[in-house]
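A.B. asks: Before anything else, here's the structure in question.
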């Protein structure tokens, strides 16, 4: 519906048209009155009534405005900027150019050179190696974590058992079996082969031992000499076999094995002698041992019982003054330093220092 101001503007325009003069202000007023195409048309016709010139002017104005609006929309639609063709990069260095409609208009392919192919292959190989190393590292970490968790859940008895098992592997408990090196032991070994044990070898041998003792005493000199010669050959063979077994291991393995044997003796009471390896230097002598050797070398204890001589030497050691002991302490320290240098050169690693006995302890 028209407002009062618009109706007045339309009447003013009608009066101007009636007198035959059309001004710019009247045309503006009439155009403002006829803003909406269809609604304005019907309202305007109803306001101006039977005034034919005005009616024709109003209709012409409405039609003109409608045509102008339609032409503007059509022009705006037809003057849109064309879409820029996109270039799509494909695998292998080729490109595809698409038009606005989306169809492929051109396809170009740039072949890779030999250097580029080699670089790509090397890069792929390095990536695969890194991935493999990462997976191996993760698996190793998971394995260690699982072992630590398993060890934490173990009881002290199980931990000791596991430790003993590890020490046995390090201790090299595979020395070659020894042949009898004494005529009496050889005689027992030869005559006890047919003895059947009922589960206890010691008890079975104990039953026949008196008979074997009487038989050994009754042997002829020729038989005793045969046993002695065989025992001597066995001793030489044992030494050769043992030396070959020792040299089949490195000096580092021998040192680690001796340490493991010492721990087995302390933890599990498994007594095994230390491996004698000629490639290793002799262990340094303690201050008390140096003093004992010096006292025995004087000949004062010749013919005296060993226990009595040992007690006398120990008492003399305890009664020594600090100045007299310093001489033996210095000798022992020099020998220890020399021993450590030789061991480090052989093992190529620092030698762990074991606590030395106090001067007052024999």
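A.B. asks: What is the gain in length, in nm to one decimal, between residue 338 and residue 175 on full extension, counting 0.36 nm per residue of separation less the C-alpha to C-alpha distance?
C.D. replies: 55.7 nm
A.B. asks: Then there's this: Between residue 302 and residue 331, take the C-beta separation as r, use R0 = 22 Å, and let me know the FRET efficiency to the nearest 0.05.
C.D. replies: 0.35
A.B. asks: Now for a separate question. Testing the spin-label approximation: label points 7 Å from Cα along Cα→Cβ at residue 319 and residue 249. State their distance in nm.
C.D. replies: 4.6 nm
A.B. asks: Please state, rounded to one decimal and in Å, the Kirkwood hydrodynamic radius that the range 166-313 gives when every pair of distinct Cα atoms enters the mean of 1/r. Working shown, then result.
C.D. replies: Numbers: mean 1/r = 0.0507 Å⁻¹.
Every distinct Cα pair counted, the radius reaches 19.7 Å.
A.B. asks: Express in nm, to one decimal, how much length is gained between residue 233 and residue 220 on full extension, taking 0.36 nm for each residue of separation and deducting their alpha carbon distance.
C.D. replies: Extra length available between residue 233 and residue 220 comes to 2.6 nm.
A.B. asks: Just subtract the alpha-carbon distance of residue 137 and residue 190 from 0.36 nm times their residue separation and send over the number in nm, one decimal. All intermediate terms of the calculation are to be shown ahead of the outcome.
C.D. replies: Details: separation 53, 0.36 × 53 = 19.08 nm, distance 5.85 nm.
Gain on extension, residue 137 to residue 190, equals 13.2 nm.
A.B. asks: List the residues of the range 162-195 whose backbone N lies under 20 Å from a point placed 7 Å from the Cα of residue 150 along the Cα-to-Cβ direction.
C.D. replies: 162-170
A.B. asks: When Rg is the radius of gyration of the Cα atoms in the range 281-362 and Rh is its Kirkwood radius, what does Rg/Rh come to?
C.D. replies: 1.06
A.B. asks: Between residue 256 and residue 345, what is the FRET efficiency for a Förster distance of 22 Å, r being their Cβ-Cβ separation, to the nearest 0.05?
C.D. replies: Step by step, r from the Cβ atoms, then E = 0.80.
None of the figures in this text is laboratory data; all of them are computed from the coordinates on show. Only a predicted model underlies this, so the values are computations on that prediction, with no experimental measurement involved. Every residue, glycine as well, gets a Cβ built from its backbone with ideal geometry; the counts of neighbours run over all protein chains shown.
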